[in-house]
Amino acid sequence: MTGSTPQISSVNEFVIKFANVNGSGSASANQLFAKAVFRMGVPVAPRNIFPSNIQGLPTWFEVRVSEAGYLGRRGGVDIMVSVNPHTFEDDVKELGAGGYLVYDSTARRTIERKDITVIPIPMTRLCLEEFGDMPNRHLFKNMLYVGALAALLDIDVEVIRQLITEQFGGKTRLIEPNTKAVQVGLAYAQQNFDCPLNIKIAKSDSVGDRIMMEGNAAAALGCVYGGATVAAWYPITPSTSVAEAFERYCKTLRVDPETKENRFAIVQAEDELAAAGIAIGASWNGARAFTATSGPGISLMSEFIGLAYFSEVPFVLFDVERGGPSTGMPTRTQQSDLLAAAYASHGDTKHVLLLPANPHECFDFAAQAFDLADRLQTPILVMSDLDIGMNNWVTEPLEWNDNRAYDRGKVLDYEDLEQAKEFGRYLDVDGDDITYRTYPGTHPSKGAYFNRGTSHDPYARYTEAGDAYIENMERLRRKVDSAAQFLPEPEIYFCEKKSRFGIIYFGSTAPALSEAVEHLYAADIDVDTLRVRGFPFHDSVAKFVEDHEKVFVVEQNRDGQLRTLLANELSADPEKLISIVHYDGTPITAEFIASELTKRTGPRSVVPLPGPGTRKVS
């Protein structure tokens, strides 16, 4: 480190990026770093940027530290920790002016940049010296640089030691060497560099009572609290951890305390189509069941999704979206399944979608999905994505009312069937477009539970009569459209004076968009915003479009799929709906949104945002 090099000066506001090799154990160490900052009371937004292989390719882990609580991806890097020699040159280029480069200096490197501070640490050599007789000694490099960062950034090392103890549980054989690696890195940094740097962590109370949780884990816990007892799945990134987390929670919460018997069933099917079929079969039998998949799985499940829609069997499906089409970018994030999910299957179909934006909503919407499925007797698709699902997010504590009763919808029991003069499975007796059903075996002879995937009359009898088919299809359309009244209402924010411009968005775009709007307001660019949380759309969405001269639809896919849905379902003037799309597989940034909006709202200059070159450099 040299005193003449310009340095970014910042407390609790910076981006640090780790460049590693996939399969080297770095992710757990990088997560530990993020959790240590969180334990010090400072909000963080960690993102694991990993390749679609098991081992060997480059992987990155980015952590945004933000006292202000910004959780969207900022863009730019202030501290680069480079441990992968194959990406070293690109990692150095990505670092912003005034930033800090921490790297493994065991192998000699030539670094020509004069506008960054270089912090060489011989990580490989130190590991060989300290852990030469241990297998997998190279893995301790990860904890070693965490220890060095504790000194460089003034992180409480006791917090790190506690996290190591929690991570490895009672495995003393792993706790001791990892703690030692942290101490080796800490000591080296303290002995060789001026600590702390101008960028550092200070204890704060900005976190409050918030927690850190992955969206997939929150969704799985929501399934448990929502009454789910059956999960059928086929492994696919990035949805696999929904089923895995559900199994973990069930082993704690779904085991009979007296008999120790499992009160749940989890089936790994032979493919996605089978997984959907198992979930639908369990739901038909009265269980609350679900499956989890991603875009390719939605394609393969479409036939069964159509069956559940037409035969009116409730079931819940989680779509954790990734980059497509085809195999696409399986470990990158997008919002590119919206149209496929909304109209999944052949023929005329339309489905209910829930659109969470954070783990708290993943939990809430997962539990709500089962009530909606039973009430409406139709598939409910919860649309998350890799960014929400597989990354840890600072979120409000999860809440549950133990007095909450499940809504099982219009189900006839034995007494109901005994008293009924007749039972028509698809007979709308109440005029609400939702028919009565019953469970298999409820009555020995009366009201046999029958569902039909072919064209049918109100009594589930096969027919190809055109008028019967049309009557049934129109009822299904009205039923799904009526779901809007039961879905989470949009979040709408108006300026003090209603703006000519509106923004509509959904899902993981939310944190970056809210930050972008703050900066637009500061630049006297007023915009009203609406976050869609469910489909079919609430009446307020149509009114929002009607009330604005231009409506910018911000989403993370190429074709503007939310804009297409708005134009199609609301009969909105397509000229009013202007797409702002981002789909390179990385989470959208506030800088991108603000830049695009300023280009399109008038002859204004681009709004400067906190990022490379705009923070204090001394």
Flagged pairs (Cβ under 9 angstrom, 6 or more apart or on separate chains; first in the stretch 306-317, on the phi > 0 side of the Ramachandran plot; second part of a helix (DSSP H, G or I) and not acidic (Asp, Glu)) are Glu312/Leu376; Glu312/Leu476; Glu312/Lys479
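Let me confirm something: among Lys17, Lys93, which residue is of a type in the set (D, E, K, R) and in contact (Cβ under 8 Å) with a residue 40 or more places away in the chain?
Values: Lys93 fails: in contact (Cβ under 8 Å) with a residue 40 or more places away in the chain.
On inspection, the qualifying residue turns out to be Lys17.
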Exercise for review: Determine whether the stretch 396-406 contains at least one residue that is among the aliphatic types (A, V, I, L, M) and within 34 Å of the chain's Cα centre (by Cα).
Suggested key: yes
message: Among the residues that make up the stretch 68-82, is at least one of them more than 19 Å from Met390 (Cα to Cα), touching a residue at least 24 places away in the same chain (Cβ under 8 Å) and surrounded by fewer than 19 Cβ atoms within 10 Å (Cβ to Cβ)?
response: yes
Of the residues in the stretch 192-239, those that are out of contact with any Ser or Thr (no Cβ under 9 Å at 6 or more places or on another chain) and either among the polar types (S, T, N, Q) or more than 24 Å from Ile278 (Cβ to Cβ) (or both) number 14
With criteria (1) of a type in the set (Val, Ile, Thr); (2) within 30 Å of Gly306 (Cβ to Cβ); (3) without any contact (Cβ under 8 Å) to a residue 40 or more places away in the chain, Val182 comes up short on (2)
When every residue in the stretch 300-337 that is in contact with an Asp or Glu (Cβ under 8 Å, 6 or more places away or on another chain) and in a helix (DSSP H, G or I) is compared, the one nearest to Lys350 (Cα to Cα) is Met301
Filtering the stretch 431-456 for residues that are in a loop (DSSP other than H, G, I, E, B) and either under 39 Å from the mean Cα position of the chain (by Cα) or modelled with pLDDT of 95 or more (or both) leaves a count of 16
With criteria (1) within 26 Å of His351 (Cα to Cα); (2) in contact (Cβ under 8 Å) with a residue 60 or more places away in the chain; (3) among the hydrophobic types (A, V, I, L, M, F, W, C), Phe450 comes up short on (2)
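Conditions tested, residue by residue: (1) closer than 25 Å to Asp584 by Cβ; (2) without any contact (Cβ under 8 Å) to a residue 40 or more places away in the chain; (3) part of a strand (DSSP E or B).
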residue: Glu489; (1), (2), (3): no, no, no
residue: Ile504; (1), (2), (3): yes, no, yes
residue: Pro511; (1), (2), (3): yes, no, no
residue: Glu515; (1), (2), (3): yes, no, no
residue: Leu520; (1), (2), (3): yes, no, no
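Residue-wise test of (1) closer than 16 Å to Ile199 by Cβ; (2) modelled with pLDDT of 95 or more; (3) not assigned by TED's automatic domain parsing to the domain that holds Pro587.
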site	(1), (2), (3)
Gly56	no, no, yes
Ser66	yes, yes, yes
Gly72	no, yes, yes
Met80	yes, yes, yes
Asp91	no, yes, yes
Leu95	yes, yes, yes
Asp104	no, yes, yes
Thr110	no, no, yes
Thr117	yes, yes, yes
Expected single match for of a type in the set (A, V, I, L, M, F, W, C), part of a strand (DSSP E or B), on the phi < 0 side of the Ramachandran plot and not assigned by TED's automatic domain parsing to the domain that holds Ala68 among Ala231, Ala287 is Ala231
Residue hits (the stretch 502-528; over 21 Å from the mean Cα position of the chain (by Cα), closer than 29 Å to Gly389 by Cα and either of a type outside the set (A, V, I, L, M, F, W, C) or surrounded by fewer than 20 Cβ atoms within 10 Å (Cβ to Cβ) (or both)) are Gly502, Glu518, His519, Asp528
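A quick yes/no check of all residues on (1) more than 29 Å from Gly534 (Cβ to Cβ); (2) surrounded by fewer than 16 Cβ atoms within 10 Å (Cβ to Cβ); (3) assigned by TED's automatic domain parsing to the domain that holds Gly286:
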position: Pro444; (1), (2), (3): yes, yes, no
position: Ala468; (1), (2), (3): yes, no, no
position: Asn472; (1), (2), (3): no, no, no
position: Arg478; (1), (2), (3): no, yes, no
position: Asp481; (1), (2), (3): no, yes, no
position: Cys495; (1), (2), (3): no, yes, no
position: Arg500; (1), (2), (3): no, yes, no
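Collect the residues in the stretch 1-54 that are in a strand (DSSP E or B), under 24 Å from Gly72 (Cβ atoms) and among the β-branched types (Val, Ile, Thr), keeping them in residue-number order.
The answer is Ile8, Val11, Val15, Ile16, Val44, Ile49.
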Next item on the list: Answer with yes or no whether Asp428 is of a type in the set (D, E, K, R), closer than 26 Å to Pro490 by Cα and either at pLDDT 95 or above or in a loop (DSSP other than H, G, I, E, B) (or both).
Entry: no
Practice prompt. Answer yes or no as to whether Leu398 is closer than 30 Å to Arg74 by Cα, touching a Phe, Trp or Tyr at 6+ places or on another chain (Cβ under 6 Å) and surrounded by fewer than 21 Cβ atoms within 10 Å (Cβ to Cβ).
Written response: yes
Counting only residues in the stretch 201-210 that are out of contact with any strand residue (DSSP E or B) (no Cβ under 6 Å at 6 or more places or on another chain) and surrounded by fewer than 21 Cβ atoms within 10 Å (Cβ to Cβ), the one farthest from Leu398 (Cα to Cα) is identified as Lys203
Among helices (runs of 4 or more DSSP H) entirely inside the stretch 81-173, those with 3 or more residues being among the acidic types (Asp, Glu) and on the phi < 0 side of the Ramachandran plot are 88-94
query: charged (D, E, K, R), in a strand (DSSP E or B) and over 20 Å from the mean Cα position of the chain (by Cα): does that describe Asp78?
result: yes
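The values are calculated or read from the model by the stated rules, or taken from the named source; none is laboratory data. Predicted model only: the values in this text are computed from it and were never measured. A quick note on method: Cβ atoms are made from the backbone with ideal geometry, for glycine too, and the neighbour counts reach across all protein chains shown.
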